[in-house]
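Engineer: I'd like to ask some things about the structure below.
The values are calculated or read from the model by the stated rules, or taken from the named source; none is laboratory data. Given the structure is predicted, the values throughout are model-derived calculations rather than measurements. FYI the Cβ positions are ideal-geometry reconstructions off the backbone, even for glycines, and counts take in every protein chain you see. With ligands, DNA and RNA removed, areas are computed over all heavy atoms of the protein, side chains included. Shrake-Rupley method; radii C 1.70, N 1.55, O 1.52, S 1.80 Å.
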Amino acid sequence: MTAEELLERYAAGERDFTGIQIYTGNLGGVSLGSINFSNAYIGCNLSGADLSGANLSGADLSGADLSGANLSGADLSGAGLTHQMRGVNLREANLKEAIIAEADLSGAILYGADMRRCDLAQTCLEGANLTEANLQDAFMEEAFGRVNLTRANLAGVKGFSLDAILDGAI
């Protein structure tokens, strides 16, 4: 499916795009709230897109640019957010109250991301950059991996051992 076809179908009222594959295209700045991309592969530009309340569970977003995207309340459980030797760009993304449990955020760039009240249970954070991220009241039970938390807001973070997550932190 092309990005243009997706936009046409979304504009016509379709919201369920389970399992689709989009390798290229530009969906940057587009409003796709409450869309269902579960088990899909989305490898295109989504920077600044509104994906609030979207279902991205099990999705492969390894080729996507999600910088500045609104993913508030989105379900990213089990999603793959890595790209070759680096992670997906989620710089300054809004992930407030998103469910990212059991996802792979290896190497993800989450610089300045708003992750307040986010569920990161059992999430792989190996090599993720959360510099200046706001993790206030996030739930991180069994989250693991070496992670950069420079100037991150960890007030009220629940369910994890800070020693475990900071072991060997960058």
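Engineer: Looking only at region 22-41, how many residues end up being farther than 22 Å from residue 68 by Cα and loosely packed, with under 13 Cβ neighbours inside 10 Å?
Structural biologist: The first filter runs over region 22-41 and keeps only residues farther than 22 Å from residue 68 by Cα, leaving 39.
When the remaining residues are screened for being loosely packed, with under 13 Cβ neighbours inside 10 Å, the result is none.
The total comes to 0.
Engineer: Please go through region 93-113 and give me each residue that is acidic (Asp, Glu) and within 11 Å of the chain's Cα centre (by Cα), ordered by number. Don't jump to the end; show me each part of the working.
Structural biologist: Kept after step one, since they are acidic (Asp, Glu), are these residues of region 93-113: 97, 102, 104.
Residue satisfying the conditions is 104 alone.
Engineer: Quick one: in region 123-148, of everything that is more than 16 Å from residue 101 (Cα to Cα) and without any contact (Cβ under 8 Å) to a residue 24 or more places away in the chain, which residue is surrounded by the most Cβ atoms within 10 Å (Cβ to Cβ)?
Structural biologist: Start the filter on region 123-148 by keeping residues that are more than 16 Å from residue 101 (Cα to Cα), which leaves 127, 129-134, 136, 146-148.
Imposing the further condition that a residue be without any contact (Cβ under 8 Å) to a residue 24 or more places away in the chain reduces the set to 130-134, 136, 147-148.
Values: 130: 28, 131: 18, 132: 15, 133: 30, 134: 19, 136: 17, 147: 26, 148: 18.
Filtering region 123-148 for residues that are more than 16 Å from residue 101 (Cα to Cα) and without any contact (Cβ under 8 Å) to a residue 24 or more places away in the chain, the one surrounded by the most Cβ atoms within 10 Å (Cβ to Cβ) comes out as 133.
Engineer: Inspect region 85-93 for any residue being farther than 18 Å from residue 152 by Cα and part of a loop (DSSP other than H, G, I, E, B) and give the result as yes or no.
Structural biologist: Residues of region 85-93 farther than 18 Å from residue 152 by Cα: 85-88.
If we keep only those that are part of a loop (DSSP other than H, G, I, E, B) as well, we get 85, 88.
Yes, the conditions are met somewhere in region 85-93.
Engineer: Of the residues that make up region 113-122, is at least one among the polar types (S, T, N, Q), farther than 23 Å from residue 6 by Cβ and either open to solvent by less than 20 Å² (accessible area, probe 1.4 Å) or at pLDDT below 95 (or both)?
Structural biologist: Yes, there is a match, as at least one residue in region 113-122 is among the polar types (S, T, N, Q), farther than 23 Å from residue 6 by Cβ and either open to solvent by less than 20 Å² (accessible area, probe 1.4 Å) or at pLDDT below 95 (or both).
Engineer: Somewhere in region 143-156, is a residue touching a Cys at 6+ places or on another chain (Cβ under 6 Å), outside any strand (DSSP E or B) and over 25 Å from residue 33 (Cβ atoms)?
Structural biologist: Yes - at least one qualifying residue is present in region 143-156.
Engineer: Is it true that residue 57 is touching a Ser or Thr at 6+ places or on another chain (Cβ under 6 Å), closer than 14 Å to residue 115 by Cα, among the polar types (S, T, N, Q) and surrounded by fewer than 24 Cβ atoms within 10 Å (Cβ to Cβ)? Talk me through it step by step, then tell me what you get.
Structural biologist: Details: touching a Ser or Thr at 6+ places or on another chain (Cβ under 6 Å): yes; closer than 14 Å to residue 115 by Cα: no; among the polar types (S, T, N, Q): yes; surrounded by fewer than 24 Cβ atoms within 10 Å (Cβ to Cβ): yes.
No: the conditions fail for residue 57.
Engineer: Further question: Please state which of the following conditions residue 24 fails to meet, knowing it meets all the rest: (1) part of a loop (DSSP other than H, G, I, E, B); (2) farther than 16 Å from residue 120 by Cα; (3) modelled with pLDDT of 95 or more.
Structural biologist: Going through the list (1) part of a loop (DSSP other than H, G, I, E, B); (2) farther than 16 Å from residue 120 by Cα; (3) modelled with pLDDT of 95 or more, residue 24 breaks only (3).
Engineer: So which residues in region 45-84 are touching a strand residue (DSSP E or B) at 6+ places or on another chain (Cβ under 8 Å) and in a strand (DSSP E or B)?
Structural biologist: Listed by number, the residues that qualify are 45, 50, 55, 60, 65, 70, 75, 80, 82.
Engineer: Restricting attention to region 60-72, and to residues there that are modelled with pLDDT of 95 or more and open to solvent by less than 20 Å² (accessible area, probe 1.4 Å), which single residue is farthest from the chain's Cα centre (by Cα)?
Structural biologist: So, considering only residues that are modelled with pLDDT of 95 or more and open to solvent by less than 20 Å² (accessible area, probe 1.4 Å), the one farthest from the chain's Cα centre (by Cα) is 69.
Engineer: Would you please name the residue that is modelled with the highest pLDDT, looking only at residues in region 132-158 that are closer than 16 Å to residue 109 by Cα and charged (D, E, K, R)?
Structural biologist: Ranking the qualifying residues of region 132-158, first place goes to 132.
Engineer: OK, next. Filter region 1-21 down to the residues that are touching a strand residue (DSSP E or B) at 6+ places or on another chain (Cβ under 8 Å) and part of a loop (DSSP other than H, G, I, E, B), then identify the one that is most open to solvent (accessible area, probe 1.4 Å). Lay out the reasoning, then the answer.
Structural biologist: Our first condition is that a residue be touching a strand residue (DSSP E or B) at 6+ places or on another chain (Cβ under 8 Å); within region 1-21, this holds for 1-3, 6, 15-18, 20-21.
Narrowing further to those that are part of a loop (DSSP other than H, G, I, E, B): 1-2, 15, 17-18, 20.
Details: 1: 67, 2: 71, 15: 91, 17: 2, 18: 70, 20: 24 Å².
Selected residue: 15.
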